[in-house]
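Data block below; observations after.
The values are calculated or read from the model by the stated rules, or taken from the named source; none is laboratory data. None of these values were measured; they are calculated from a predicted model. Because the Cβ atoms are built from the backbone with ideal geometry, glycine has one as well, and the counts that use them run over all protein chains shown. Accessible surface areas use protein heavy atoms only, side chains included; no ligands, DNA or RNA. Shrake-Rupley method; radii C 1.70, N 1.55, O 1.52, S 1.80 Å.
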Amino acid sequence: MSGAEGTDSSMVIVGASLAGAKTAQALREDGWDGPIELVGAEHDLPYERPPLSKGFLQSKEERDKVFVHESGAWYVENQVGLRLGRTAVAVDRERHVVRLDDGTEVSYGKLLLATGSAPRRLNVSGGDAKNLRYFRTLQDSERTKEELIPGSRLTIVGAGWIGLEVAAAAREKDVEVTVLEALEQPLLRVLGPEVGAQFAALHRAHDVDLRLGAGVDSFTLQDVDGVEQATRVRLADGTEIEADHILVAVGAAPNTGLAEAAGLEVSNGIVVDATLRTSDPDVFAAGDVASAWHPFYDEPIRVEHWANALNQPKVAAASMMGVTDLKYDRLPYFYTDQYDLGMEYVGHIPASGYDEVVFRGDPASGAYMAFWLAGGKVLAGMNANVWDVVDEVRNLILGRATVDLTRLRNPAVPLAEVAAR
């Protein structure tokens with residue numbers, strides 16, 4: 001390891017994200033007193049992503065509230081080496097070295113990959129226009145926030161979580177919003193048509209021009225001050241939509257390039273076991289990029305949400321320190337805030353799908369729950385403007401009990417008493 005920085009006992013974390021920063025924190029809290037190096041491509045301190053499309057974008061949270069730790073002092077006090085603005089370009093597993101884009105080599109004893117995801121691009125004519133916006137980073141959020149000018153026109157391609165949350169923030173600032181979704185309902189692949197329709201109704205009630213089944217054919221370019229910029233979106237049916245700003249929000253793909261080049265097993269993310277260990281015993285992965293074996297579901301699951309990035313680091317840190325019996329088995333969880341709707345979701349719909357959706361309460365009232373079932377058992381549950389029920393929903397799923405549908409639909413019946421008798 002001649003010429004490499006760090007030592008063969010260093011804990012090196014690639015990805016100065018929530019998952020990366022929380023793993024460094026967990027290592028220190030669990031008693032690791034050796035070197036820790038945290039490498040991140042962005043220049044900002046590690047931050048959380050949910051506020052970017054929620055509170056911060058809505059001007060309800062200040063910028064300094066998005067950071068995992070309030071200042072760089074935490075990293076100094078805890079002797080965590082921060083290498084910001086640096087990208088890991090290669091992992092030499094034989095030499096136990098990570099090479100950075102400036103040529104620096106950092107030695108590791110154990111390595112965590114928390115490289116996250118990147119926005120998917122639209123491969124259509126005009127899709128490389130410089131003014132097309134994508135939404136992933138703090139800088140993306142700051143730029144979008146500046147562009148949410150009352151009376152301006154924003155077109156969003158994609159009605160997933162990011163697209164809908166940005167649409168809600170924009171409408172609250174009196175921006176004219178058009179949302180284009182190629183599928184039949186918003187969030188169709190996540191929530192299915194029954195609940196997707198509720199989100200369609202929510203946005204239309206707030207005067208969003210939501211166009212479903214609307215495939216994008218191309219972007220029309222125009223010379224603006226010597227630079228070709230996209231000024232209109234052309235749909236598959238020939239319709240053209242003019243916009244002052246265009247946001248492309250068609251999902252994200254895990255950043256697996258580094259792992260693939262290093263010869264690690266990759267399949268819809270970096271493949272790890274329930275302890276978050278990869279096919280190399282000295283390399284681990286956590287957060288968006290990890291396709292982790294889930295003990296409850298008995299299958300690999302990759303979750304692109306804040307809760308995984310927050311909670312997986314405790315297991316990752318323990319595994320890096322040699323603990324072998326701590327497994328990540330939390331049920332997937334995510335949440336959203338749109339207009340006056342606050343929603344939480346817990347559970348997982350397998351590839352085999354679900355049989356039916358049962359509503360508890362009236363969706364038209366704005367406060368309701370929804371349950372996805374298969375074989376009479378709850379796979380996942382969602383609470384919209386109904387609070388302090390996540391643990392009860394989680395228990396329903398973990399209990400794998402057949403439920404009485406009549407009792408499940410009735411808000412007067414406690415969730416703990418909906419099992420079939």
Subject >> Among the residues listed as E77, E42, the single one being open to solvent by 60 Å² or more (accessible area, probe 1.4 Å) and over 18 Å from M320 (Cα atoms) >> reply: E77
Original post:
Does L276 fit the bill of being open to solvent by less than 10 Å² (accessible area, probe 1.4 Å), of a type outside the set (S, T, N, Q), under 17 Å from V124 (Cα atoms) and at pLDDT 95 or above?
Top reply: no
**OP:** Among what's in segment 291-343 and is among the charged types (D, E, K, R) and assigned to a loop (DSSP other than H, G, I, E, B), pick the residue that is least open to solvent (accessible area, probe 1.4 Å).
**Re:** R302
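Does D288 satisfy the condition of being open to solvent by 10 Å² or more (accessible area, probe 1.4 Å), in a loop (DSSP other than H, G, I, E, B) and touching a strand residue (DSSP E or B) at 6+ places or on another chain (Cβ under 7 Å)? First the steps, then the outcome.
Working: open to solvent by 10 Å² or more (accessible area, probe 1.4 Å): yes; in a loop (DSSP other than H, G, I, E, B): no; touching a strand residue (DSSP E or B) at 6+ places or on another chain (Cβ under 7 Å): yes.
Taking the combined requirement at face value, the residue does not satisfy it.
Give the residues of segment 1-32 that are modelled with pLDDT under 95 and not in a strand (DSSP E or B), sorted by residue number. Working first, answer last.
First, pick out the residues of segment 1-32 that are modelled with pLDDT under 95: 1-10, 17.
Answer for segment 1-32, where residues must be modelled with pLDDT under 95 and not in a strand (DSSP E or B): M1, S2, G3, A4, G6, T7, D8, S9, S10, S17.
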**OP:** Only residues that are open to solvent by less than 20 Å² (accessible area, probe 1.4 Å) and under 27 Å from R171 (Cα atoms): list them for segment 344-389, please.
**Re:** Y345, Y368, M369, A370, M382, N383, A384
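Mind listing just one residue for me: the one in segment 247-273 that is open to solvent by 40 Å² or more (accessible area, probe 1.4 Å) and touching a helix residue (DSSP H, G or I) at 6+ places or on another chain (Cβ under 7 Å) and, of those, farthest from L113 (Cα to Cα)?
To start, the set of residues in segment 247-273 that are open to solvent by 40 Å² or more (accessible area, probe 1.4 Å) comprises 250-251, 255, 257, 260-261, 263, 265-268, 273.
Subset that is touching a helix residue (DSSP H, G or I) at 6+ places or on another chain (Cβ under 7 Å): 255, 266.
Numbers: N255: 10, V266: 12 Å.
If we take residues in segment 247-273 being open to solvent by 40 Å² or more (accessible area, probe 1.4 Å) and touching a helix residue (DSSP H, G or I) at 6+ places or on another chain (Cβ under 7 Å), then V266 is farthest from L113 (Cα to Cα).
Quick one: would you say Y333 is in contact with a strand residue (DSSP E or B) (Cβ under 8 Å, 6 or more places away or on another chain), among the aromatic types (F, W, Y) and within 27 Å of R49 (Cβ to Cβ)? If you could, list the steps in order and put the result at the bottom.
Details: in contact with a strand residue (DSSP E or B) (Cβ under 8 Å, 6 or more places away or on another chain): yes; among the aromatic types (F, W, Y): yes; within 27 Å of R49 (Cβ to Cβ): yes.
Taking the combined requirement at face value, the residue satisfies it.
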Original post:
For segment 412-421, how many residues meet the condition of being outside any helix (DSSP H, G or I) and open to solvent by 90 Å² or more (accessible area, probe 1.4 Å)?
Top reply: 1
Original post:
Do you know which of the residues in segment 322-352 that are within 11 Å of T275 (Cβ to Cβ) and of a type outside the set (D, E) is modelled with the lowest pLDDT?
Top reply: T324
**OP:** Hey, could you check segment 46-74 for residues that are touching a helix residue (DSSP H, G or I) at 6+ places or on another chain (Cβ under 6 Å) and open to solvent by 40 Å² or more (accessible area, probe 1.4 Å) and say which is nearest to T144 (Cα to Cα)?
**Re:** E61
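Within segment 179-199, take every residue that is of a type outside the set (A, V, I, L, M) and in a helix (DSSP H, G or I) and give me the one that is farthest from A370 (Cα to Cα). Explain how you work it out, then say what you get.
Of segment 179-199, the ones of a type outside the set (A, V, I, L, M) are 181, 184-186, 189, 192-194, 196, 198-199.
Okay, now just the ones that are also in a helix (DSSP H, G or I), so 189, 192-194, 196, 198-199.
Working: R189: 16, G192: 11, P193: 12, E194: 9, G196: 11, Q198: 11, F199: 13 Å.
Per the criteria, the residue is R189.
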